[in-house]
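Worksheet: one structure, shown below.
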Amino acid sequence: MSLARLALRISAVEALRGRTLVADNVLDSELGALDFSADGTVRTARTKPFISVYTDDGDAEIDGNEPRGLHAGGMCQLVFEIGVAAAMVAGIDPETGESHLAAGIPVTDQALEYYLDMTARQIADALTDPGNPWGKICRGVMLSMRKMERRRAGNGEDGLKLAAHQLRIHCAIMDDPVRGEVQDPASPFMAFLDALDVAAAGDSPVAAYAIYAAAIRAEIAGADEDWENLQRRLGATAGEILTLGRGPLAGDEDRATPPLAAGTTEIAGMAPVETNS
Amino acid sequence: MAGNALFHDLRDELVAEVDAVMEETVQLYFLANGKSDPTRPNRTVEAPLRTGAEKTSSAAAGNGASWRMRIAAGKAELSIDMARYDGPQPQAGDKIRALDRPGQPYWQVANVDDRSHTRLVLELDQL
């Protein structure tokens, strides 16, 4: 719904990759259903334990100072769903029928729950790690957390025994960048775009990251006057921005804002004053 | 299994006739706490295995409003003829493998219904 949410979600996904028990199986906004083929040897990597990251509903309260503040970030819910099923554990011994989550841990309900608790803790470690570059971007976009909900669910009735944990973070996120505003290259959002380019050039599983980065840069490109940036951020009309004391001079009907060359100020009862830049 | 009424003989004959057509070879694995149970040796059995259509449902059964995860799975049942089965009693947590089906899939036993007079029915979850 906004570029800030996009940055939050993708940086969270990439911050977790390779840093938890699920390794690379971190999914972004997964829509489809988990399905397990009969032949255990032909299953895709998707049917391993996974973390699925979503950005859910969020409200932004707009106060009277921003009449039409469409760029406001507001609140957002960052959701991590971790799922593990007995069916995901590969390598059932065809002689004994045993299967193991890891060496020495047979697959029981308790072992699955341990796996989920451990992975959820690793999510927190990955996002707060000072040495994690994507974690740094994620923390920059997420201004502050307001609430964290931990939920668990299990499904044992529909033909697949699945245990799942959900971590739902209610957080305030940064406002979206305004088109035409020159961005600080060290800001979290610009660092996010640079990191997308680097990831696409490397071995990231998402090759489209470079296309996203190019499209986002095009969307916010430009170098406008600062009163134009303010007008965009407030969503103000030309009249409103003039009333605030910002905006072009009344005589500048094209709003071209040329640099000041010369000006004349007329004050009643005095001779006109010339101003030269 | 002991039966001393005429209907028991008819019952056994009927079930055996049905199974002669519908049965398939299934490997039973008896487990205790996830490990092989030494008191109940694994064995194969010939019995009908019926699988239902797969449906998509929420990961949190019934509580699905705030969960996005979905699963596509179907229930299955293994119905063993009680009169001809002399193996160990299966329990929840045991596994089975359908040896005659492509891919030789595994299931885990969720529930055992042993109160029917004709069949021992194992309700199965996909593995």
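Estimated from the Cβ-Cβ distance and a Förster radius of 30 angstrom, the FRET efficiency linking A:Glu157 and B:Ala16 is about 0.40.
Among A:Pro106, A:Pro248, A:Pro258, the residue with the largest mean-square fluctuation in a Gaussian network model of chain A, with springs joining Cα atoms closer than 10 Å, is A:Pro258.
Between A:Ser52, A:Ser11, A:Ala38, the Cα set farthest toward the positive side of the dipole of the stretch A:1-66 (charges on each charged residue's Cβ, about the Cα centre) is that of A:Ala38. For the residues A:His71, A:His100, A:His165, a GNM of chain A with alpha-carbon springs under 10 Å puts the largest fluctuation on A:His100.
Per-residue packing, averaged as other Cβ atoms within 10 Å, sorts the ranges A:84-92, B:42-50 into the order A:84-92, B:42-50, beginning with the highest.
From Cα pairs below 8 angstrom and at least 6 apart in sequence, can you work out the relative contact order of chain B, rounded to a whole percent?
Working: 233 pairs, mean separation 31.3, N = 127.
Relative contact order of chain B: 25 percent.
Counting only DSSP beta bridges whose two residues both lie in the stretch A:145-277, roughly 100 percent are antiparallel. Inter-chain Cβ neighbour count for A:160-166, averaged per residue, equals 6 (cutoff 10 Å, partner chain atoms only). A:Tyr212 exposes around 100 Å² of accessible area when a 1.4 Å probe is run over every protein chain in place.
In terms of accessible area, using a 1.4 Å probe and ignoring ligands and nucleic acids, A:Met148, B:Met82, A:Met270, A:Met75 rank largest first as A:Met270, A:Met148, A:Met75, B:Met82. Computed 3J(HN,Hα) for the stretch A:74-90, one whole-Hz value per residue from the Karplus formula 6.51 cos²θ - 1.76 cosθ + 1.60 where θ = phi - 60°, is x, 9, 8, 10, 9, 10, 10, 10, 10, x, 9, 10, 4, 5, 7, 7, 7, glycine and proline marked x.
Translational diffusion coefficient of chain A (Stokes-Einstein, Kirkwood radius from Cα pairs, 20 °C, 1.002 mPa s): 95 µm²/s. Qualifying GluC sites (Glu not before Pro) in the stretch A:198-268, where qualification requires a DSSP coil assignment and no more than 15 other C-beta atoms within 10 Å, comprise A:Glu225, A:Glu253, A:Glu266. Using the Cβ of A:Tyr114 as centre and a radius below 15 Å, the other residues enclosed give a net charge of -1, where K and R count +1 and D and E count -1.
For the stretch A:75-124, treating each Cα as an identical point scatterer without solvent, what Debye log10 I(q)/I(0) comes out at q = 0.30, 0.32 1/Å? With no solvent term, the Cα-only Debye profile gives -1.21, -1.28. Using only Cα atoms and rounding to the nearest 10 degrees, what angle (0 to 90) does helix B:6-22 make with the longest principal axis of chain B? It is inclined by approximately 50 degrees. Across chain A, C-alpha contacts under 8 Å between residues 6 or more apart give a mean separation that, scaled by the residue count, equals a relative contact order of 19 percent. Take every Cα pair under 8 Å whose residues are at least 6 apart in sequence, average their separation, divide by the length of the stretch B:1-45, and the relative contact order is 30 percent.
With a 1.4 Å probe and every protein chain kept in, tell me what percent of the accessible surface of the protein assembly as shown is carbon plus sulfur.
Values: 11170 of 20970 Å².
Answer for the protein assembly as shown: carbon and sulfur cover 53 percent of the accessible area.
Other residues lying with their Cβ under 12 Å from the Cβ of B:Ala5 contribute a combined charge of -1, Lys and Arg counting +1, Asp and Glu -1. Residues in the protein assembly as shown average 52 Å² of solvent-accessible surface per residue, probe 1.4 Å, ligands and nucleic acids excluded. Using a Gaussian network model of chain A in which every pair of alpha carbons under 10 angstrom is joined by a spring, one finds that among A:Leu260, A:Leu127, A:Leu196 the greatest mean-square fluctuation is at A:Leu260.
With +1 on each Lys and Arg Cβ and -1 on each Asp and Glu Cβ, how big is the dipole of the protein assembly as shown about its Cα centre, in debye rounded to the nearest 20? If you can, show how the numbers build up before the last one.
Details: 39 positive and 61 negative charges, 153 e Å.
Value, rounded to 20: 740 debye.
Tally Lys/Arg at +1 and Asp/Glu at -1 over every other residue whose Cβ is under 9 Å from the Cβ of A:Pro188; what's the total? Show your work: numbers first, answer last.
Values: positive: A:Lys136, A:Arg139; negative: none.
Neighbour charge sum, excluding A:Pro188 itself: +2.
Shape call for the stretch A:1-57 from the C-alpha gyration tensor, a ≥ b ≥ c root eigenvalues: rounded (a/c under 1.5), prolate (a/b greater than b/c) or oblate?
Values: a/c = 3.82, a/b = 1.84, b/c = 2.08.
Since a/c reaches 1.5 but b/c is at least a/b, the shape of the stretch A:1-57 is classed as oblate.
Note on the stretch A:1-155: antiparallel DSSP beta bridges, both residues inside, total approximately 75 percent of the bridges counted. Candidates B:Val26, A:Leu230, A:Ala201 compared by Cα position along the dipole of the protein assembly as shown: farthest toward the positive end lies B:Val26, with charges placed on Cβ.
Please report the antiparallel percentage of DSSP beta bridges with both residues in the stretch A:1-92, rounded to the nearest 5. Could the numbers behind the result be given before it?
On the way: 7 of 10 bridges.
So the antiparallel bridges amount to about 70 percent of the total.
The values are calculated or read from the model by the stated rules, or taken from the named source; none is laboratory data. Just so it is clear, the model here is predicted, and its values are computed rather than measured. So basically every Cβ, Gly included, is an ideal-geometry build from the backbone, and we count neighbours across all protein chains shown. Side chains included, ligands, DNA and RNA excluded: accessible areas come from the protein's heavy atoms. Shrake-Rupley method; radii C 1.70, N 1.55, O 1.52, S 1.80 Å.
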